[in-house]
1. Just grab the label-to-label distance for A171 and T106, each label 7 Å out from Cα along the Cβ direction, in nm (one decimal).
2. Tell me, what % of the accessible area of the chain is carbon and sulfur with a 1.4 angstrom probe?
3. Determine the distance separating the Cα centre of region 1-22 from the Cα centre of region 53-116; give it in Å without decimals.
4. About the Cα centre of the chain, what is the dipole size in debye to 20, counting +1 per Lys and Arg Cβ and -1 per Asp and Glu Cβ, all else neutral?
5. Can you work out the accessible area per residue across the chain, with the rest of the protein chains kept in place, probe 1.4 Å, in square angstrom?
6. To one decimal place, what orientation-averaged projected area in nm² is obtained for the convex hull of the Cα set of the chain?
7. How big is the dipole moment of region 15-106 about its Cα centre under a simple scheme where the beta carbon of each Lys and Arg is +1, that of each Asp and Glu is -1, and everything else is neutral? Debye, nearest 20, please.
8. Starting from 0.36 nm per residue, how many nanometres of slack lie between V10 and R42 once their C-alpha separation is accounted for?
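The values are calculated or read from the model by the stated rules, or taken from the named source; none is laboratory data. Here the structure is a predicted model, which means the values were calculated and not measured. Backbone-built Cβ (ideal geometry, glycine too); neighbour counts: all protein chains shown. All accessible areas refer to the heavy atoms of the entire protein, side chains included, with ligands and DNA or RNA removed. Shrake-Rupley method; radii C 1.70, N 1.55, O 1.52, S 1.80 Å.
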Amino acid sequence: MIKVAILGQVGAGKSKILSAVATAHGQADVRTTSLSGAEVLRTEFSWPDLLPDDSSLRVRVFALTGQPMHQAAEQCLLADVDAIIYVVNCAPDTISASRECLLAMTQNAAKVGLDWANTVMVMQYNRADLYPGFKPSDLDRWLGITQNNVPRHITGEQGENQGVAVNDAIAKVVAKLGQAVAEV
């Protein structure tokens, strides 16, 4: 089983992304619970491809929405995570909040002992279609993302590509698992 966390600033579209992933993988079941003044959404499904040893893989995807009162809510999602999708709302007036949220997420990751060498990180620049002058390279610089350092996907407000970053992250984790199985 692998665990994926969808994190980012408030209003970035995380719940819509999780719902799109659940729908795309045949899961109508998105569960919600409250934690520290925020909502945690969750879905679970079987990955369609088998591992090299012909075993199947369960995927759990979590998203944190709202404004948690404590950093512990995000820390719970980061504990034992295999992949992180960090979602950024491309609205120019939210960029500073996105950077602050990203820095807080890295601090929370350190508090739970996240091993970055074994964790897949993918960025999703969401709602880019609403801002005609949007330049991904400007956002990369502001967030400190260097080219080819962290994969990123640019998505629109609506559409079937909402889950592209999550699916990319899962595929990267599956590839790592496949290599580990092949080396045994």
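1. With each label placed 7 Å out from Cα toward Cβ, I get 2.7 nm.
2. Its accessible area is 51 percent carbon and sulfur atoms.
3. After rounding, the separation between the Cα centres reads 9 Å.
4. For the chain, the charge dipole is close to 300 debye.
5. 50
6. With the hull built on Cα positions only, its mean projection is 10.4 nm².
7. 260
8. Length gained between V10 and R42: 9.8 nm.
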